[in-house]
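Asker: My structure is below; once you've seen it, I'll send some questions.
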Amino acid sequence: PMTLGVVFPGQGSQRVGMLEEAAGAFSVVRETFSEASDALGYDMWALVSQDPDARLSLTEFTQPAILTASVALFRAFESCHSIAPVAAAGHSLGEYSALVSARALSLYDGVRLVRERGAAMQKAVPVGEGAMAVILGLADDVVSTVCDALCDATHYVGGVNFNAPGQVVIAGQTKAVENAMLALKEAGARRAMPLPVSAPFHTPLMQPAADIMTLAFDEVVWSEPDFPVVSNVDGSLQRDPTVIKQSLVKQISSPVMWTECVATLGRVGCEMFIESGPGNVLSGLSKRIDKSVPIKSIESVTSIEAGLSDL
């Protein structure tokens, strides 16, 4: 059989009504949502299917919702197929979905950790003081060089998501990000667009959140994962819970090296990928990174049931 890699999406993939179809076909989907609801003390299925209080877009609700949906889809896939992944990776928040799916962490602990992570990241920088923007059409090193030149003791801006060749997300203090968008356009960027995010994730400004999570990680039980998970921070393949925890702390204030993560999955022999989570953002990025590895989203019932047969 073809060797399988699994990728898990990050924040921004959520939408009201996600997993409606899969929940009707696989009891494990609703069971996973019930488990998450017990851990968090609110009805997670009501949140994602109706979002009555418009909370799904708030980071501390978004993160557990995407994690739960991603793990639910992976469990549905596992219930249909005996094929086990050789490795997994997740984009930012998605790294937690990968670790829960690999059983390094229980879903109960996972959703509670990412709720705390979301709240801590949001609190680290007051709303309005930080910003993020996506830069299209420039090489990674050009983006980094231009941003470095704009940083000083009181202003930070830098690349935070190296998503695919020609697609880099930058973040930092609002003014610094605005200056960088202008400078990057002058340097030849095809587009520079602000993102609808209220905090500069994956920058050194997130250090207060990293400190909070260091303590939180020590309060939960970690196990060796069933399959190795690639670290966002440096693209390394990880199995040791101590190393995993250290990397997750670093991840909060360090860039997500997504292109590197996908390259690692290729190096360990993944011949095809499934994207386990709402939407297909990572499928789009994957095609820009390496077209030779087929990928498909398993959000729909037909794609879960077909498994790898149609790849």
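The values are calculated or read from the model by the stated rules, or taken from the named source; none is laboratory data. On a predicted model such as this, the values are computed, not experimentally measured, just so you know. A quick note on method: Cβ atoms are made from the backbone with ideal geometry, for glycine too, and the neighbour counts reach across all protein chains shown. When the accessible area is computed, the model is the full protein with side chains, heavy atoms only, and any ligands, DNA or RNA have been set aside. Shrake-Rupley method; radii C 1.70, N 1.55, O 1.52, S 1.80 Å.
Asker: Using a probe radius of 1.4 Å on heavy atoms only, what accessible surface per residue do you get for segment 1-154? Whole Å² is fine. Walk me through the numbers on the way to the answer.
Answerer: On the way: 5800 Å² over 154 residues.
Spelled out: the 1.4 Å probe surface of segment 1-154, per residue, equals 38 Å².
Asker: Within the accessible area of the chain, what % is carbon and sulfur when the probe is 1.4 Å and the other protein chains stay in place? Kindly include the intermediate steps, with their values, before the conclusion.
Answerer: Details: 6600 of 12360 Å².
Looking at the chain in its full context, I get 53 percent from C and S.
Asker: To continue, here is another question. Order the following by accessible area, largest value first: TRP222, TRP258. Probe radius 1.4 Å; ligands, DNA and RNA are ignored.
Answerer: Numbers: TRP222 35, TRP258 5 Å².
Correct descending sequence by accessible area is TRP222, TRP258.
Asker: For segment 259-264, in order, what is each residue's ³J(HN,Hα) by Karplus, 6.51 cos²θ - 1.76 cosθ + 1.60 with θ = phi - 60°, in whole Hz (x at glycine and Pro)?
Answerer: Karplus values, whole Hz, x for Gly and Pro: 4, 5, 4, 5, 4, 4.
Asker: Put +1 on the Cβ of every Lys and Arg and -1 on every Asp and Glu Cβ in the chain; which of GLY158, THR302, VAL127 then has its Cα farthest towards the positive end of the dipole?
Answerer: With unit charges placed on the Cβ atoms, the residue in question is GLY158.
Asker: Further question: Quick query: amide H of ALA87 versus all other amide H atoms, modeled in the peptide plane; which residues come in under 5 Å with a sequence gap of 5 or more or a different chain?
Answerer: VAL6
Asker: Quick one: accessible area per residue over segment 239-311, 1.4 Å probe, rounded to a whole number of Å²?
Answerer: Values: 2990 Å² over 73 residues.
Result: 41 Å² per residue.
Asker: Now a separate question. Through the Karplus equation 6.51 cos²θ - 1.76 cosθ + 1.60, θ set to phi - 60°, convert the phi angles of segment 228-235 into ³J(HN,Hα) values in whole Hz; use x for Gly and Pro.
Answerer: These are the phi-based 3J(HN,Hα) values: x, 10, 7, 7, 4, 5, 9, x Hz.
Asker: Would you mind calculating the gained length between ARG103 and GLN50 on full extension (0.36 nm times residue separation, minus the Cα-Cα distance), in nm to one decimal?
Answerer: Numbers: separation 53, 0.36 × 53 = 19.08 nm, distance 2.93 nm.
Extending this stretch completely gives an extra 16.2 nm.
Asker: Is the C-alpha gyration tensor of segment 74-191 telling us rounded, prolate or oblate? Criteria: a/c under 1.5 is rounded; beyond that, a/b larger than b/c is prolate, otherwise oblate. Walk me through the numbers before you get to the answer.
Answerer: Details: a/c = 3.60, a/b = 1.76, b/c = 2.04.
In terms of gyration-tensor shape, oblate.
Asker: Now a separate question. Residue-wise, which Karplus ³J(HN,Hα) couplings in Hz belong to segment 50-61, taking 6.51 cos²θ - 1.76 cosθ + 1.60, θ = phi - 60°, and x for glycine or proline?
Answerer: Listing the rounded values in order: 10, 6, x, 9, 6, 9, 4, 8, 7, 3, 6, 9 Hz.
Asker: Over the heavy atoms of MET193, what accessible area does a 1.4 Å probe trace out, to the nearest 10 Å²?
Answerer: 60 Å²
Asker: Taking square-rooted eigenvalues a ≥ b ≥ c of the alpha carbon gyration tensor, is segment 188-266 rounded, prolate or oblate, where a/c under 1.5 means rounded and, failing that, a/b exceeding b/c means prolate?
Answerer: On the way: a/c = 3.01, a/b = 1.32, b/c = 2.28.
Here segment 188-266 falls in the oblate category.
Asker: Name the residue, out of PRO228, PRO241, PRO255, whose mean-square fluctuation peaks in a Gaussian network model built on the chain with Cα pairs under 10 Å.
Answerer: Between PRO228, PRO241, PRO255, it is PRO241 that shows the largest mean-square fluctuation.
Asker: GLU31 to GLN207: extension gain in nm, 0.36 nm per residue of separation minus the Cα-Cα distance? Please list the in-between numbers first.
Answerer: Numbers: separation 176, 0.36 × 176 = 63.36 nm, distance 3.53 nm.
Once the chain is fully extended between GLU31 and GLN207, it gains 59.8 nm.
Asker: Mind jotting down the distance between the C-alpha centroids of segment 1-43 and segment 203-220, whole Å?
Answerer: 25 Å
Asker: Pick out which of SER13, SER231, SER297 has the largest mean-square fluctuation in a Gaussian network model of the chain, springs linking Cα atoms closer than 10 Å.
Answerer: Maximum among the listed residues: SER13.
Asker: Leaving out ligands and nucleic acids, and using a 1.4 Å probe, what accessible area per residue does segment 169-232 come to in Å²?
Answerer: Value for segment 169-232: 47 Å² per residue.
Asker: Now for a different question. Taking 0.36 nm per intervening residue step and subtracting the Cα-Cα distance, what contour gain separates CYS151 from LYS250 on full extension? Intermediate results must be reported in sequence, preceding the final value.
Answerer: Values: separation 99, 0.36 × 99 = 35.64 nm, distance 2.05 nm.
Going from the current span to full extension adds 33.6 nm.
Asker: For the chain, what is the calculated [θ] at 222 nm in deg cm²/dmol (nearest 500), taking -39500 (n - 2.57) for each run of four or more DSSP H residues and dividing by its residue count?
Answerer: -14500 deg cm²/dmol
Asker: Near the amide H of GLN238, under 5 Å away, which other amide H atoms are found, from residues 5 or more places off or on another chain, if H is placed in the peptide plane?
Answerer: The answer is VAL229, VAL230, SER231.
Asker: Amide H of ILE295: which non-local residues (sequence gap of 5 or more, or other chain) have their own amide H closer than 5 Å, using H built in the peptide plane?
Answerer: PHE273
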